[in-house]
Amino acid sequence: MSKNFDVVVIGGGPGGYIAAIRAAQLGFNTACIDEWKNEKGGPAPGGTCTNVGCIPSKALLQSSEHYEHASHGFAEHGIEVKGLGLNLEKMLGRKNTVVKQNNDGILYLFKKNKVSFFHGRGSFVKGDANGYEIKVAGAAEETITAKHVIVATGSNARALPGAEFDEKLILSNTGALSITEVPKKLGVIGAGVIGLEMGSVWRRLGAEVTVLEALPTFLGAVDEQIAKEAQKLLTKQGLAVNLGVKIGAIKAGKNSVSVEYTDAKGDAHTGEFDKLIVSIGRTPNTIGLNAEGVGLKLDERGFIAVDGDCKTNLPNVWAVGDVVRGPMLAHKAEEEGVAVAERIAGQHGHVNFNTIPWVIYTSPEIAWVGKTEQQLKAEGVQYKAGTFPFLANGRARALGDTSGMVKFLADAKTDEILGVHIVGPMASELISEAVVAMEFRASSEDIARICHAHPSLSEATKEAALAVDKRALNF
Ligand code: FAD
Ligand code: NAI
């Protein structure tokens, strides 16, 4: 195997492995280094997303939703289920299989695209504009060289001071995806994306879930109307969300964890939980990279400092994904990876931060792109809003899932779509139409005049666009 590369990518998560594939497609001799190990010590590329993030969480969300449908939802369809049981070991096993399929898929893609894969930790030895030496510490230690380096080392879960993750009682996302017995009482600190997704999984499987959130508002970054609707629906399902709490001492006992906190009124409480998930955000991961050794600059929050093009302060060293500023999303990491590979090739790679979609995979799902109503107000933008409830959508009725709505925000003068917000069934899929529309700078009338299949959930999108001009047809 050649040891001198045009491009070396450190980190094989969605940012890194996609950057490596795109660089190879563009004709560069490319290597990708990733240190993630599977339970046998073998390579498991795909990063947080594949191993302990997007993929396993969605596998468990799907399985737990099936379980909930079978226990509560099927009866309405005239399907009677007797003797329903939960085989958690099998459910977790399926999740692990899905993860492995994705790990293997990436290894296959590396082969197919002639990307050299190194299993181990990559760190800078030395270098300048003429090239870099990178040490790979794996089963053996070796040094490779690169003209360009793309750092895509991702992020780690943030722990609360004094409550380090033991992954037995105090769990990060890693432990939260592998609980082997449904906890009777589950505590979740942080009502963000992970808290709501993982809280939903374990609630559906039978846990009594208490979510403790520091902020006084639920999902503050989400459009207020959508967040309120989501809060109502999730609370009705039994997710107990406490806002405005202040967390005090956390003590792990032998088989349970106690959490002292004050509520929004200032009253003191102690929660006793069988397990505690702490999901209060993530921190960039630059451990073991020897960034300081080569003078790679970090910003004040520990992210690798980059410009709008993902260039670092070092010549020919780039950084993408969770380890740099911007939303911590797999698709953002991927887009940056592609753009950087194209920039190395002299092309004009581009990531449009205004059209990066967000999805929270609760049930109903929450998805959005562009500005929220509160952002438009704060920016003094004149806008029109149109909403359409799934309650009035034929397909949603047939599905038996009529919760939520689609909401359009369009410029008051030009009608250009400024934001689309959805809480409802399959919001994760529906949001793509809005992303495409916004990329093409479409107006709400453009969507309103497009023929949408009937009956489909996407008709709710069309109707919300019609509602911007107060001419929804079915509501
Ligand atoms: P990572 O995926 O973290 O990959 C970094 C890789 O680099 C890892 O494999 C790591 O081992 C390796 N590495 C680090 N340092 C070195 C080194 N020195 N040498 C070699 N290898 C190294 N995002 C979504 O868009 N949709 C979702 O549904 C979603 N769900 C999530 C659910 C959970 C529970 C979590 C925790 C996250 C979720 N995310 C989701 C976020 C998503 O996982 C991240 O945004 C994404 O993984 C970032 O990709 P990345 O390539 O930047 O980093
Ligand atoms: P988050 O940023 O989404 O939510 C963290 C929450 O914890 C916030 O609401 C915050 O106010 C709260 N918090 C912070 N400190 C606290 C404290 N001391 N006490 C109580 N509450 C506190 O972070 P999360 O859920 O850990 O997820 C990390 C990131 O991973 C997400 O921001 C997202 O980028 C990514 N992710 C994406 C998913 C998706 O796209 N579907 C799914 C899961 C994660």
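Which of Ile304, Val320, Val338 sits closest to the plus end of the dipole of the stretch 301-346, meaning its Cα is farthest towards the positive end, when Lys and Arg get +1 and Asp and Glu get -1 on the C-beta?
Highest projection toward the positive end goes to Ile304.
Over the stretch 170-280, what relative contact order in percent results from Cα pairs under 8 Å that are six or more residues apart?
Dividing the mean separation by the residue count of the stretch 170-280 yields 35 percent.
Around Thr235, what is the net charge, scoring Lys/Arg as +1 and Asp/Glu as -1 over all other residues with Cβ under 14 Å from its Cβ?
Result for the neighbourhood of Thr235: +1.
With +1 assigned to the C-beta of every Lys and Arg and -1 to the C-beta of every Asp and Glu, and no other charges, what is the dipole magnitude of the stretch 188-296 about the Cα centre in debye, to the nearest 20?
Working: 11 positive and 12 negative charges, 47 e Å.
Once rounded to the nearest 20, the dipole reads 220 debye.
A 32 angstrom limit on the alpha carbon distance is what I want to check against. Which of Lys95/Lys332; Lys297/Lys407; Lys184/Lys265; Lys251/Lys311; Lys265/Lys470; Lys135/Lys168 exceed it? Don't skip to the answer; put the middle values down first.
On the way: Lys95/Lys332 24 Å; Lys297/Lys407 41 Å; Lys184/Lys265 27 Å; Lys251/Lys311 43 Å; Lys265/Lys470 41 Å; Lys135/Lys168 34 Å.
Listed pairs above 32 Å: Lys297/Lys407; Lys251/Lys311; Lys265/Lys470; Lys135/Lys168.
Cysteines of the chain lacking any other cysteine beta carbon under 4.7 Å?
When partners are defined as cysteine Cβ atoms under 4.7 Å apart, the chain leaves Cys32, Cys310, Cys451 without one.
With contacts defined as alpha carbon pairs under 8 Å and 6 or more residues apart, what's the relative contact order of the chain in percent?
This gives 14 percent for the chain.
Tell me the relative contact order for the stretch 355-468 as a rounded percent, counting alpha carbon contacts under 8 Å between residues six or more apart.
It comes to 32 percent, rounded to a whole number.
What order do you get for 331-337, 229-235 when each peptide is scored by the mean count of other beta carbon atoms within 10 Å, highest first?
331-337, 229-235
Counting only other residues whose beta carbon sits under 9 Å from that of Tyr383, what net charge do I get with K and R as +1, D and E as -1?
+1
Taking H as built 1.01 Å from N, whose amide H comes closer than 5 Å to the amide H of Val381, not counting residues under 5 places away?
none
What are the GluC sites (Glu not before Pro) within the stretch 68-137 that DSSP puts in a loop, where the Cβ has at most 12 other Cβ atoms within 10 Å?
Loop-located and lightly packed - Glu80.
Once you have a ≥ b ≥ c as the square roots of the Cα gyration tensor eigenvalues for the stretch 2-154, tell me rounded if a/c is under 1.5, and otherwise prolate or oblate according to whether a/b is larger than b/c.
prolate
Once the mean 1/r over all distinct Cα pairs of the chain is inverted, what Kirkwood radius in angstroms do you read off?
24.0 Å
With only alpha-carbon pairs counted, each pair once and no self-pairs, how large is the Kirkwood hydrodynamic radius of the stretch 355-468 in angstroms?
13.7 Å is the Kirkwood radius here.
Going by average Cβ neighbours within 10 Å, how do the peptides 442-448, 409-415 rank, with the highest at the top?
Descending packing order for the listed peptides: 442-448, 409-415.
Suppose every Lys and Arg Cβ carries +1 and every Asp and Glu Cβ carries -1, with no other charges. What dipole size does the stretch 341-475 come out with about its Cα centre, to the nearest 20 debye?
It works out to roughly 240 debye.
Within the stretch 56-156, which trypsin sites (Lys or Arg not before Pro) sit in a loop by DSSP and count at most 14 neighbouring Cβ atoms inside 10 Å? Present the calculation step by step, with values, prior to reporting the outcome.
On the way: sites: Lys58, Lys82, Lys90, Arg94, Lys95, Lys100, Lys111, Lys112, Lys114, Arg121, Lys126, Lys135, Lys147; in loops: Lys82, Lys114.
Those that pass, being in a loop and sparsely packed, are Lys82, Lys114.
Can you tally the net charge around Ala146? Count Lys and Arg as +1, Asp and Glu as -1, for every other residue whose Cβ sits under 14 Å from the Cβ of Ala146.
0
Could the peptides 369-378, 252-261, 273-282 be put in order, highest first, of the mean number of other beta-carbon atoms found within 10 Å of their residues?
Details: 369-378: 18.0, 252-261: 15.2, 273-282: 22.4.
Averaged packing, sorted descending, gives the order 273-282, 369-378, 252-261.
As I understand it, the dipole of the chain uses +1 on the Cβ of Lys and Arg and -1 on the Cβ of Asp and Glu, about the Cα centre. Which of Val188, Gly85, Leu177 lies farthest toward its positive end?
So the residue furthest toward the plus end is Gly85.
Let's see if you can work this out: charge +1 on each Lys and Arg Cβ, -1 on each Asp and Glu Cβ, no other charges. What is the dipole magnitude of the chain about its Cα centre, in debye to the nearest 20?
On the way: 50 positive and 54 negative charges, 112 e Å.
Roughly 540 debye, rounded to the nearest 20.
Put +1 on the Cβ of every Lys and Arg and -1 on every Asp and Glu Cβ in the chain; which of Asn255, Ala453, Ile280 then has its Cα farthest towards the positive end of the dipole?
Of the candidates, Asn255 comes out farthest on the positive side.
Calculated from DSSP H runs of 4 or more alone, at -39500 (n - 2.57) each and per residue, what is the 222 nm mean residue ellipticity of the chain, nearest 500? Please report the intermediate quantities before stating the final value.
Details: 14 runs with 150 residues, N = 475.
Helix contribution divided over all residues of the chain: -9500 deg cm²/dmol.
Quick note: the coordinates plus some simple rules give every number you see, no bench work behind them. The structure presented is a predicted model; accordingly, all values stated were derived computationally and were not measured. Neighbour counts are summed over all protein chains in view; Cβ atoms, including those assigned to glycine, are modelled from backbone coordinates with ideal geometry.
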